[in-house]
1. Inspect all residues belonging to the range 296-310 and state whether any of them is assigned by TED's automatic domain parsing to the domain that holds V229 and at pLDDT 80 or above.
2. Inside the range 275-295, can you point out the residues that are over 17 Å from M233 (Cα atoms) and outside any loop (DSSP other than H, G, I, E, B)?
3. If you check R35, R66, which single one turns out to be at pLDDT below 80 and not assigned by TED's automatic domain parsing to the domain that holds L146?
4. Out of the range 126-142, which residues are closer than 19 Å to E286 by Cα and of a type outside the set (D, E, K, R)?
5. Inspect the range 402-411 for any residue being crowded, with 18+ Cβ neighbours inside 10 Å, free of Cβ contacts under 8 Å to residues at least 60 places away in the same chain and under 20 Å from I349 (Cα atoms) and give the result as yes or no.
6. Kindly indicate whether G28 is surrounded by fewer than 19 Cβ atoms within 10 Å (Cβ to Cβ) and modelled with pLDDT of 70 or more.
7. Taking the stated definitions as given, is Q93 closer than 21 Å to G246 by Cβ, modelled with pLDDT under 85, surrounded by fewer than 20 Cβ atoms within 10 Å (Cβ to Cβ) and among the polar types (S, T, N, Q)?
Amino acid sequence: MFDSLSDRLGDVFDRLRRHGALTADDVGAALREIRVALLEADVALPVVRDFVAAVREKALGQEVLRSVTPAQMVVKIVHDHLVEVLGGGAVGQPGGGRLEGIDLNAPPPVAIMLVGLQGSGKTTTAAKIANRLKLRGRKKVLLASLDVQRPAAQEQLAVLGRQIGVASLPIVAGERPVAIARRALHTGRTEGYDVVILDTAGRLHVNEELMLEVAAVREAANPHETLLVADAMTGQDAVNVAKAFGERAGISAIVLTRVDGDARGGAALSMRAITGKPIVLIGVGERIEAIEPFHAERIAGRILGMGDVVGLVERAAETVDQEEAEKLAAKLEKGRFDLDDLAAQLRQIRRMGGMGGMLAMLPGVAKIKKQLGEARIDESIIKRQEAIISSMTKGERRNPKLLNASRRRRIASGSGTSVPEINRLLKQYQDMADVTKKMKKLGHKGLARHGLAGLLPGGFR
């Protein structure tokens, strides 16, 4: 998300930094480019006007123009205002009755209603939220589909519920949405559920029928939270959807989906500013775990190329299999590293969002990507490498020296790859195995003395 906006703003600030001192004309020219960058990122025009006006007022102050590092002061002003527009602090932090961005400060069962257009990802988001509340909040969650319009929508939610080990309300043929909502809340009360998630029906566009149905369910269920689930890739339309649901359905917060697929990201800036409602969660992939609390300061840092190292560390902590990591550490101490271990590392990279997702959270990576020109990270390489390793026998994975020419041809055929790809993978493995041997020789004190950087294989320096 925000790739194009990040690139444009990076160019603007690079030009500002070339000036030892800034004049009012320099700041004015930069603000005009910031305005264009925001518009190109699909930020709504009223939001752009207010944003530029607020930054202009602060950036033209004498303390900025006379500052030792005026360009850095302008960057800070833009950063701080981005945080303000995006919604201030980290709404996903626990405390004050909030868990994973959701307000649970109410007597159980807490009713959470999801609204939005058809195709915005409501059903998947309902399962993702239920999964996080179950795993991270130790909450007993009941899923209930109120979507009687879309074929098999109720069964889809039931299937997702079974996958994550969360109960779903039994389906009763012909039952209407209001009756389903009442039955879900009754079940929640009588069977001791902490949270009941109501997944309402959507339409291809905002219409009176949809709004009347949402209003009727809201009146019957009186949900503590009404979350608007909106597709970040819909651009300006997302703002119109947010306004319509905000006025008629009384939304309390916003969940943005498909954030990983939108290079512009203007919907996030626009929806928060126009509705006044916080963005509490963002969907960052198709996997059931791919949803995370929305942190305005971290997102602003990503936009301005400052990265989000804290977010990267948190994502690693969430996705690392502790038992697997301990086994690998024990093997590394003995100087052992085989292709099964490499496959485990590849799986870990995919769980963390792939190389692209990880790099996007590191400071300064936007500039590196720009220097590489049109070169892009091919995420399919990781899947292909996993396929290659899966096509090997157990003995071959443990002892790659067995992989002669005929075996490599067999593996290429079985994995749908080529012999050169297998050769590259084995070279990568050999580099990592060499590092492992060096780690064993140096020991803990040696590693501390020399630093890990000197041990990285040539291809990763």
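The values are calculated or read from the model by the stated rules, or taken from the named source; none is laboratory data. Remember, predicted model here, so these are calculated numbers, not experimental data. Note: ideal-geometry Cβ built from the backbone for every residue, glycine included; neighbour counts use all protein chains shown.
1. No, the range 296-310 has no match at all.
2. Matches in the range 275-295: T275, V280, E292, P293, H295.
3. Values: R35 fails: at pLDDT below 80.
Unique residue meeting the criteria: R66.
4. Correct list: A126, A127, I129, A130, N131, L133, L135.
5. Within the range 402-411, none of the residues are crowded, with 18+ Cβ neighbours inside 10 Å, free of Cβ contacts under 8 Å to residues at least 60 places away in the same chain and under 20 Å from I349 (Cα atoms).
6. yes
7. In short, no.
Residues checked against (1) part of a helix (DSSP H, G or I); (2) touching a Ser or Thr at 6+ places or on another chain (Cβ under 6 Å):
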| residue | (1), (2) |
| --- | --- |
| L133 | yes, no |
| L143 | no, yes |
| Q149 | no, no |
| E155 | yes, no |
| V159 | yes, no |
| H186 | yes, no |
